[in-house]
1. Please build a GNM for the chain, connecting alpha carbons under 10 Å apart, and tell me which residue among 116, 21, 67 fluctuates the most.
2. Rounded to the nearest 500, what is the 222 nm mean residue ellipticity of the chain from helices alone, with -39500 (n - 2.57) per DSSP H run of 4+ residues and division by all residues?
3. Give me 108, 6 ranked fewest to most by other Cβ atoms within 10 Å of their Cβ, as a rough exposure proxy.
4. Taking every DSSP beta bridge that has both residues in the chain, what percent is antiparallel when rounded to the nearest 5?
5. Determine how many Å³ per residue the convex hull of the Cα atoms of the chain encloses.
6. Which one, 29, 68, 47, has the greatest fluctuation when you compute a Gaussian network model over the chain with C-alpha springs under 10 angstrom?
7. Kindly put 100, 69 in sequence by how many other C-beta atoms sit within 10 Å of each C-beta, fewest to most.
8. Would you list 2, 73 from fewest to most Cβ contacts within 10 Å?
């Protein structure tokens, strides 16, 4: 679970049957939030608090949620995702229509209407798509 935040995707992966999950986020507050959420959901995952962009620890699957909100960050992610994909990793990205989502190289797998709060977003519902890096 790359850019794990609260660990929601890590929890979902464990509940879906993953053998091992790493929740990675550079925000130090995320480690505590993830630990609390893992415990509340009765699952375990490892926490990685370093910037793993550009590294490759042999992950089979990389799940990235809402990571294309910033151009500089998107520019770092794209070559990393491409290199992981080239060696056989599955890269899945959840995106609510952020400006820097690539226009090519992605395959749409599913789309959802996700209720959000207008305090944080510009709408009450965001169409969120799950993409596979092709």
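1. Greatest mean-square fluctuation among the candidates belongs to 116.
2. Computed mean residue ellipticity for the chain: -9000 deg cm²/dmol.
3. 108, 6
4. Expressed as a percentage, antiparallel bridges in the chain total about 55.
5. Hull volume normalised by residue count: 120 Å³.
6. Sorting by GNM fluctuation, first place goes to 29.
7. 69, 100
8. Ranked by crowding around the Cβ, least crowded first: 73, 2.
The numbers here are math on the coordinates, done by the rules we state, and not lab data. This one's a predicted model, so the numbers in the text were calculated from it and none came from an experiment. Note that each Cβ is placed from the backbone with ideal geometry, even for glycine, and that neighbours are counted across all protein chains shown.
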